[in-house]
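The values are calculated or read from the model by the stated rules, or taken from the named source; none is laboratory data. Worth saying up front: this structure is predicted, and the values here are computed from it rather than measured. Here the Cβ is made from the backbone with ideal geometry for all residues, glycine too, and neighbour counts use every protein chain on show.
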Amino acid sequence: MTALRQEPDPPVDDLDRRFRDGDDVALREAYDRYGRAVFHLATSMLANRSDAEDVTQATFVAAWLGRDTFDPAKGSLIGWLLGIGRRKVIDRMRASARETRVVETVRQLPEPAQTQPDPDRVVDRLVIADELARLPDDQRRMLELAFYDDLTHQQIATVTGVPLGTVKSHIRRGMASLKRRWEVDGAAPGPRPAGISGTR
């Protein structure tokens, strides 16, 4: 009686390693394999499907750009992606909450008095808004969290998943850019919120 021929074991899936090494094909494979799971996570926490789609895309962009921090020996790629996805969902929720607060604040404002606004204050606000818009995305995001939400450096690092040292570096460079603009335009900045002054 002829013995059954035993097929060799399939090769071990090396997607995690190839993703970590920067293989473009691995990025596509990772999205095909895990994109649905990340999207499911986002839709389970966000009411808006468009926001969930944006979070899913942002998750894979962040993962690809930060792939050097992924260690396959410490955990799976899907677990790492879901961790990034959760942080992106929190970012989106915080942004939505901030937008809601702004809208509600505007609605509750009294009717404007028939007086001319202080030109200096208007110029200061325009300079700050303009300079924030010119900053790189990472610097602008950190300054917005510090300025509008009054978060400490440590809280920003926790919310965004960015290392504390990187958070401080982004804020420091962003504030330096704002200072240069103030000096060039002669604008006098108002008091800084606690989240962007000193180390916290």
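Hey, can you tell me all the residues within region 141-157 that are farther than 11 Å from Ile171 by Cα and either outside the structural domain of Val167 (by TED's automatic domain parsing) or touching a Pro at 6+ places or on another chain (Cβ under 6 Å) (or both)? The answer is Asp150, and nothing else.
Of Asp124, Asp130, Asp149, which residue is outside any helix (DSSP H, G or I), of a type in the set (Asp, Glu) and at pLDDT below 75?
Asp149
When you scan region 20-36, how many residues do you find that are surrounded by fewer than 14 Cβ atoms within 10 Å (Cβ to Cβ), closer than 18 Å to Gly83 by Cβ and either of a type in the set (Gly, Ala, Ser) or not assigned by TED's automatic domain parsing to the domain that holds Leu65 (or both)? So the answer is 0. Residues in region 37-56 that are within 18 Å of Ala26 (Cβ to Cβ) and surrounded by fewer than 16 Cβ atoms within 10 Å (Cβ to Cβ): Ala37 only.
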